[in-house]
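Participant: Have a look at the structure that comes next, please.
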Amino acid sequence: VTVIEIDAVNDILSDMEVIYMTRIQKERFERGDGSFEFFRLDESNIDKIKQSAIILHPLPRNSEISEIIDNDPRAAYHQRQVRNGIYIRASLLYNILKDNEK
């Protein structure tokens with residue numbers, strides 16, 4: 001396994017094939033200084049990402065992905081990711097129920 005340390009996500013955006021972003025669950029932390037937002041995907045850095053890359057997010061989101069990115073063809077979280085999640089859940093439920101019949 002290769003581990004790479006970086007100082008800023010923007011430094012490696014052009015090398016990434018998949019970007020999986022999640023929100024910081026601020027409600028799980030005590031009130032702080034608001035320093036949770038260290039990276040935001042928006043119009044200032046979307047051009048650094050490969051055209052073949054995909055952007056994923058489990059939703060709901062806060063401000064880590066700008067709404068402008070929703071219309072980008074690389075953004076898979078509203079359509080492709082949700083649709084594929086339905087198939088995965090159906091398959092898991094089927095297999096769990098099938099195994100319980102034995």
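Participant: Where in the stretch 45-65 is the amide nitrogen less than 11 Å from a point lying 7 Å along the Cα-to-Cβ axis of SER14?
Facilitator: Answer for the stretch 45-65: 48-50.
Participant: Mind grabbing the accessible area of ILE4 for me, 1.4 Å probe, Å², rounded to tens?
Facilitator: The accessible area comes out at roughly 140 Å².
Participant: On full extension of the chain, what length is gained from VAL82 through LYS50, given 0.36 nm per residue of separation minus the C-alpha to C-alpha distance?
Facilitator: Details: separation 32, 0.36 × 32 = 11.52 nm, distance 2.22 nm.
Between VAL82 and LYS50, full extension yields 9.3 nm more.
Participant: If you don't mind, there's one more thing I want to ask. Which value, in Å² rounded to 10, gives the accessible area of TYR20 with a 1.4 Å probe and all protein chains present?
Facilitator: Rounded to the nearest 10, that gives 130 Å².
Participant: Let me ask something else. Quick one: pull the percent of accessible area on the stretch 1-79 belonging to carbon and sulfur, 1.4 Å probe, ligands and nucleic acids left out. Walk me through the numbers on the way to the answer.
Facilitator: Values: 2850 of 5890 Å².
Carbon-and-sulfur percentage of accessible area, whole number: 48.
Participant: If you look at just the Cα atoms of the chain, how large are its Rg and its Dmax in Å?
Facilitator: Both quantities, over Cα of the chain: 17.4, 55 Å.
Participant: With every protein chain kept in place and ligands, DNA and RNA left out, what is the accessible area per residue of the stretch 59-102? Probe 1.4 Å, answer in Å². Intermediate values should be presented prior to the final figure.
Facilitator: Working: 3440 Å² over 44 residues.
With all protein chains present, the stretch 59-102 gives 78 Å² per residue.
Participant: Most fluctuating residue of ALA53, ALA76, ALA90 in a GNM of the chain with Cα springs under 10 Å: which is it?
Facilitator: Between ALA53, ALA76, ALA90, it is ALA90 that shows the largest mean-square fluctuation.
Participant: The chain: which GluC sites (Glu not before Pro) are DSSP loop and have at most 14 other beta-carbon atoms within 10 angstrom?
Facilitator: On the way: sites: GLU5, GLU17, GLU27, GLU30, GLU37, GLU43, GLU64, GLU67, GLU101; in loops: GLU5, GLU17, GLU30, GLU37, GLU43, GLU64, GLU101.
Hits after loop and neighbour filter: GLU5, GLU17, GLU30, GLU37, GLU43, GLU101.
Participant: Pairing the Cα long axis of helix 80-100 with the longest principal axis of the chain, what angle in degrees results, from 0 to 90 and rounded to the nearest 10?
Facilitator: 30 degrees
The values are calculated or read from the model by the stated rules, or taken from the named source; none is laboratory data. Bear in mind that the values here come from a model prediction, so they are computed numbers and not experimental data. Positions of Cβ are generated from backbone atoms using ideal geometry, with glycine treated the same way; all protein chains shown enter the neighbour counts. What goes into the accessible areas is simple: the full protein's heavy atoms, side chains included, and nothing from ligands, DNA or RNA. Shrake-Rupley method; radii C 1.70, N 1.55, O 1.52, S 1.80 Å.
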